[in-house]
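The values are calculated or read from the model by the stated rules, or taken from the named source; none is laboratory data. Just so we're clear, the structure is a prediction, and the values are computed from it rather than from any experiment. Here Cβ is always computed from backbone atoms with ideal geometry, including for glycine, and neighbour counts include all displayed protein chains.
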Amino acid sequence: MSEGSYKKRFDGRKLDETRKIKAEVGIIPNADGSAMFSFGDTIAIAAVYGPKVMHPQHNQNPEKGTLRVNYDMLTFSVTERKKPGPSRRSQEISKVTEWALEPVVMLDDFPNTVVDVHITILQANASTRCAGINAAALALAHAGIPMKELVCSVSVGKMDKTIVVDVIKEEEDYEEGEGATDIAMSFTSNSGKLTHLQLDGNISAKELKEAIETGKKACKEIYEIQKKTLKSIKE
Amino acid sequence: MTEKEREIVIPGEIIKEGDDYLPGEGTRREGKNIIASRFGLKDEQNRLVRIIPLSGVYIPRRGNLVIGTVADISFNGWMMDINAPYSSFLPVTECPRFFKKDDLAEYFGIGDLIACKVDSVKRKGVDLTIMPRGLGKLEDGMIIQVNSNKVPRVIGKEGSMISMIKEATGCEITIGQNGLVWIKGNSVDDELFAKETIMFVTEKSFVDGLTEKTEKFLEEGMKKRGKIESARNEEGEI
């Protein structure tokens, strides 16, 4: 790990240190459940509505409820103005978030219904999908949706040969040596199972295993913060 | 029921170890442990552990009194909207008087508010009834919506809170478990006062000694209103 060209991180963090995490629950009064989650400059808010009857009717599932996620970035969240509305990227992240959360929600008692999760990125500095998944997990719990456990998400990067936790934009664009690999991953909080894994770049199987272990460790810290946030809520 | 601090639990948390307890609502057994399935307050009674919800949508239970809006009329009853994730139906056969089946809109039209009881909750939906006394169409008055999780607080222990509000404001109040509250008083001012008090209770629901605080709120409100009324009477005399 020591032979890579990337030895010191751009913002002076330790290799296995995440940015400052902030979380809050119940920030949107009109939603059934809501939460904010931020990794440093990356801020995501999530609002949960439902379970409510699914419309259009042909999308109803008579066996169990459906989870529907919508991820969106605000126009001012990035340096270059983002065109508003759904894009190929936002659709992909919506779907991926849905798959990351689906294994833990138990909607068997709510046939023909839908649980809507709206994730909005207020400010972006990489790892937005991870912040979004963390916020969504908190919001789902806050909305009283039956869940097996929570989901924690973190991005792990490989800068040249160095594995780092919680990637920022500058690191994503790192080009020296082997370049940058960005791996977004999500784990269930207690059983530690992987529910989501995405990879952008090149990495060997051995290094990937190492990256997943590193991510798992970081997720434990994130879980503690999620737990603290939910427990500190006033009735 | 003793008022002690209840612990907040989160999904996936082990709330009881061993076989001594039975898993209640919102919990499940996994091997030796009882695990929370949802976010809420842990409540232990005898040997049963359950979770009291703190947030989320209203989930109908059998026997609940709810206030619903007529959403649609079918050939043998009314489709109702009770703010729950299930479709709910009020059949004509569950009405106390004889209703002619050919024109149900004559009795309850779309948009009417009806106080009803949950008769059964099945997988496919909720069946309602208005057979018990005191149920049926709500006319005049005003309707407000509160968080359905705060309803037990508004009602109070054995209805203590709500009867206090009723007495002080002189209003007729019906609280649906789904969070809809119907208020009917002698004047709009009375109704607004009752509304304000109910809102006060829902906002301060986590405060200790809520009953005393509400009593004070009611007293102060009455004083203020007393002044206004006497001022009005004087004006009338002039």
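Counting the residues of region A:3-22 that are in contact with a Lys or Arg (Cβ under 8 Å, 6 or more places away or on another chain) and either within 11 Å of chain B (Cβ to nearest Cβ) or modelled with pLDDT of 95 or more (or both) gives 1. What are the residues in region B:193-215 that are at pLDDT 90 or above and not β-branched (Val, Ile, Thr), if any? Scanning region B:193-215 gives B:193, B:194, B:195, B:196, B:199, B:200. Filtering B:123, B:133 for residues that are charged (D, E, K, R) and farther than 30 Å from residue A:65 by Cβ leaves a single hit, B:133.
Selection of region B:51-105 for residues being within 13 Å of another protein chain (Cβ to nearest Cβ) and polar (S, T, N, Q) yields B:55, B:83, B:87, B:88.
Going through B:74, B:55 one at a time, which residue ends up being among the small types (Gly, Ala, Ser) and modelled with pLDDT under 90? Before the answer, list the steps.
Numbers: B:74 fails: modelled with pLDDT under 90.
Sole residue among the options that is among the small types (Gly, Ala, Ser) and modelled with pLDDT under 90: B:55.
None of B:57, B:70, B:92 is of a type outside the set (Ser, Thr, Tyr), under 13 Å from the mean Cα position of the chain (by Cα) and either on the phi < 0 side of the Ramachandran plot or outside the structural domain of residue B:219 (by TED's automatic domain parsing) (or both) except B:57. Just one of (1) assigned to a helix (DSSP H, G or I); (2) out of contact with any strand residue (DSSP E or B) (no Cβ under 7 Å at 6 or more places or on another chain) fails for residue A:138. It is (2).
Among the residues of region A:143-164, write down those that are of a type outside the set (Lys, Arg), outside any strand (DSSP E or B) and within 14 Å of chain B (Cβ to nearest Cβ).
Start the filter on region A:143-164 by keeping residues that are of a type outside the set (Lys, Arg), which leaves A:143-147, A:149-157, A:159-160, A:162-164.
Restricting the remaining residues to those that are outside any strand (DSSP E or B) gives A:143-146, A:149-150, A:160.
Those that are of a type outside the set (Lys, Arg), outside any strand (DSSP E or B) and within 14 Å of chain B (Cβ to nearest Cβ): A:143, A:144, A:145, A:146, A:149, A:150.
Looking across region A:49-79 at every residue that is closer than 30 Å to residue A:168 by Cβ, in a loop (DSSP other than H, G, I, E, B) and not aliphatic (A, V, I, L, M), the one that is nearest to the other protein chains (Cβ to nearest Cβ) is identified as A:77. The residue that is nearest to residue B:58 (Cα to Cα), among those in region B:85-115 that are in a loop (DSSP other than H, G, I, E, B) and touching a helix residue (DSSP H, G or I) at 6+ places or on another chain (Cβ under 9 Å), is B:107. For region B:2-16, taking the residues that are modelled with pLDDT under 90 and touching a Leu at 6+ places or on another chain (Cβ under 9 Å), the one that is nearest to residue A:142 (Cα to Cα) is identified as B:7. For region A:220-233, the criterion of being away from chain B (no Cβ under 14 Å) and either under 13 Å from the mean Cα position of the chain (by Cα) or not in a strand (DSSP E or B) (or both) is satisfied by at least one residue.
Residues that are β-branched (Val, Ile, Thr) and surrounded by 23 or more Cβ atoms within 10 Å (Cβ to Cβ) within region A:166-187 comprise A:167, A:183, listed in sequence order.
Considering region B:2-53 alone, what residues qualify as being of a type outside the set (Ser, Thr, Tyr), outside any strand (DSSP E or B) and free of Cβ contacts under 8 Å to residues at least 12 places away in the same chain? Give the steps one after another, and end with the answer.
Applying the first criterion (of a type outside the set (Ser, Thr, Tyr)) to region B:2-53 yields B:3-20, B:22-26, B:28-36, B:38-53.
Among the residues that remain, those that are also outside any strand (DSSP E or B) are: B:3-7, B:10-13, B:18-20, B:24-26, B:31-32, B:38-39, B:46-47.
Once the filter is applied, which keeps residues that are of a type outside the set (Ser, Thr, Tyr), outside any strand (DSSP E or B) and free of Cβ contacts under 8 Å to residues at least 12 places away in the same chain, region B:2-53 yields B:3, B:4, B:5, B:31, B:46.
Selection over region A:80-101 of residues that are of a type in the set (Lys, Arg), assigned to a loop (DSSP other than H, G, I, E, B) and loosely packed, with under 12 Cβ neighbours inside 10 Å gives a count of 2. Of all the residues in region A:62-79, those that are farther than 29 Å from residue A:112 by Cβ, surrounded by fewer than 17 Cβ atoms within 10 Å (Cβ to Cβ) and not hydroxyl-bearing (Ser, Thr, Tyr) number 3. Being surrounded by fewer than 17 Cβ atoms within 10 Å (Cβ to Cβ), of a type in the set (S, T, N, Q) and outside any strand (DSSP E or B) is a condition met by no residue of region B:174-184. Taking the numbered list (1) closer than 20 Å to residue A:219 by Cβ; (2) away from chain B (no Cβ under 14 Å); (3) buried (at least 17 other Cβ atoms within 10 Å of the Cβ) in turn, residue A:104 passes all entries but (2).
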